[in-house]
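In what follows, a single structure is set out as structure tokens and then discussed.
The values are calculated or read from the model by the stated rules, or taken from the named source; none is laboratory data. Source: prediction; values computed, not measured. Note that each Cβ is placed from the backbone with ideal geometry, even for glycine, and that neighbours are counted across all protein chains shown. Ligands, DNA and RNA are stripped out before the accessible areas are found, and what is left, the full protein with its side chains, is counted by its heavy atoms. Shrake-Rupley method; radii C 1.70, N 1.55, O 1.52, S 1.80 Å.
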Amino acid sequence: QVQLVESGGGLVQPGGSLRLSCAASGIIFRLFAMGWYRQAPGKQRELVADITNGGRTNYADAVKGRFTISRDNTKNTVTLQMNSLKPEDTAVYYCNARNSDLGGYWGQGTQVTVSS
């Protein structure tokens, strides 16, 4: 059974930081590209950042320079460090694992609220 379990969300003031983590089980983690997506109320789910199984990263323009994605293949985790948070970063953040042959999986999501 595949599980992606996110943690680290919460309420933070503008300019603050949060660190999201996603723990994966039931997959051969090193074979999967991992990503973070977000969905704000009334909007479509969008890519925030992803990292290939080789460690190459990609970021949405809106978060470049503020967010950093990383992975630890020994712990089966992917992390999103979010700095200089803005109110427009408020959303539910989802962890995603994908492999073109083995399929794709989603976590249950974690709420991030940026507000004073």
Original post:
Tell me, how many Å apart are the Cα centres for segment 51-96 and for segment 1-41?
Top reply: 8 Å
Subject >> Relative contact order (%) - segment 1-59, alpha-carbon pairs under 8 angstrom, separation at least six >> reply: 25 percent
Original post:
Leaving out ligands, DNA and RNA, what percent of the accessible area of the chain is carbon and sulfur, probe 1.4 Å?
Top reply: 46 percent
**OP:** Can you bin segment 24-73 into rounded, prolate or oblate? Criterion: square roots of the alpha carbon gyration tensor eigenvalues sorted a ≥ b ≥ c, rounded for a/c under 1.5, prolate for a/b above b/c, oblate for the rest.
**Re:** oblate
Original post:
Taking R0 as 41 Å, what's the FRET efficiency between N53 and S115 from their Cβ-Cβ distance, rounded to 0.05?
Top reply: 0.70
Original post:
For K43, which lysines qualify as cross-link partners when the Cα separation must be under 30 Å and same-chain residues fewer than eight apart are set aside?
Top reply: K64, K86
Subject >> Unit charges on C-beta of K, R, D, E only; dipole of the chain, Debye >> reply: 140 debye
**OP:** Starting from the Cα of N73, step 7 Å along the direction of its Cβ; do the same at V5; then give the gap between the two resulting points in nm.
**Re:** 2.4 nm
**OP:** Subtracting the Cα-Cα distance from 0.36 nm times the residue separation, let me have the gained length for Q81 to A60 in nm, one decimal.
**Re:** 6.2 nm
Original post:
For the chain, what is the accessible area per residue in Å², given a 1.4 Å probe and the full set of protein chains?
Top reply: 53 Å²
